[in-house]
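Presented below is the structure to which this report refers.
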Amino acid sequence: VKQVKEFYAPYKIPSMVFHRYFTEKTGEFHPNYMPQDIYVAYVDPYFNDIRGSKYLDNKCYFESLFRGIPHPFTMLKRVNGIWVDHENRPVSKERIAQILAGEPRGVFVKEAETSAGGHGVTYFPDPAEKLEEILQVAKTYPTDIIVQRELVQHPDLAAMNPSSVNTYRLYSILGKDGSVKIYS
């Protein structure tokens, strides 16, 4: 505790829960482990323009912003109150019904800006039969939303927990010289 307090003295004293966790998982103690509360309060704001990041938070724009990176198939979006298809063409309620009727798998309806960890997400296993219910759920979201096809993940990832989509998250910093440092 003393080493952690000394190391982080210029900032705020982090919660010791992070150091206990990292020490337990690695078998080694280091006072310079980067706890989430320090990362969120100091590192992330220093390296990232928080005002500009709001444009990167909206899932409706991911396919356009991150071309060449695989994404779940987005069949429908409601952007600024207007429904569009996967090619960003405006669609009517009748066309929405046709798109959902032709969907072979379940769909997820989710808020485009605030959904994370399953919050703000509703799953429909049989979208062809649930058009009115899907539209009702969509009305409860005041912001942009997306309707995405259910993912089928690799069996090795599914083995960890077959009832969710399992992911890995890396925190990295891209240096001015092009180097990349992985922080967690």
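The values are calculated or read from the model by the stated rules, or taken from the named source; none is laboratory data. Bear in mind that the values here come from a model prediction, so they are computed numbers and not experimental data. So basically every Cβ, Gly included, is an ideal-geometry build from the backbone, and we count neighbours across all protein chains shown. Side chains included, ligands, DNA and RNA excluded: accessible areas come from the protein's heavy atoms. Shrake-Rupley method; radii C 1.70, N 1.55, O 1.52, S 1.80 Å.
With all protein chains kept in place, the per residue accessible area of region 26-141 amounts to 62 square angstrom at a probe of 1.4 angstrom. Mean residue ellipticity, 222 nm, helices only, the chain: the sum of -39500 (n - 2.57) across DSSP H runs of n ≥ 4, divided by residue count and rounded to 500, is -6500 deg cm²/dmol. Carbon and sulfur together cover what percent of the accessible area of region 75-137 at a 1.4 Å probe radius? That share works out to 50 percent.
What's the center-to-center distance, using Cα atoms, between region 1-29 and region 82-131 in Å? Centre-to-centre distance over Cα atoms comes out at 44 Å. Can you match Cα extents along the principal axes in Å to one of these, (1) 59, 33, 28; (2) 62, 40, 22; (3) 65, 37, 32, based on a calculation from the structure here? Looking at Cα extents along the principal axes in Å for this model, the match is (3). A simple packing score, the average count of other Cβ atoms within 10 Å per residue, orders the peptides 139-147, 80-88 as 139-147, 80-88, with the highest score first. If you sort the three axes of the alpha carbon gyration tensor as a ≥ b ≥ c, you get a/c of 1.5 or more for region 4-63 and a/b no higher than b/c, which makes it oblate. Computed from the C-beta positions of Ala159 and Thr23, the FRET efficiency with R₀ = 30 Å rounds to 0.65. Can you give the FRET efficiency to the nearest 0.05 for Ile82 and Leu56, using r as the Cβ-Cβ distance and R₀ = 25 Å? The pair Ile82/Leu56 has a calculated efficiency of 0.75. Multiplying the residue separation of Phe66 and Ala128 by 0.36 nm and subtracting their alpha-carbon distance yields 19.4 nm. Helix 16-26 and the longest principal axis of the C-alpha atoms of the chain enclose an angle of approximately 90°. Contact order for region 12-161, expressed relative to its length and based on alpha carbon pairs under 8 Å spaced 6+ residues apart, stands at 22 percent. Each Lys or Arg adds one and each Asp or Glu takes one away; over the other residues whose Cβ falls under 14 Å from the Cβ of Gly106, this sums to -1. Modelled spin labels at Ile13 and Ile182, positioned 7 Å past Cα toward Cβ, are 3.3 nm from each other. Using a 1.4 Å probe on the protein chains only, how many percent of the accessible area of region 1-45 belongs to carbon and sulfur? Using a 1.4 Å probe with all protein chains present, region 1-45 comes out at 57 percent carbon and sulfur. Using R0 = 25 Å, the C-beta based FRET efficiency linking Lys5 and Tyr46 works out to 0.70.
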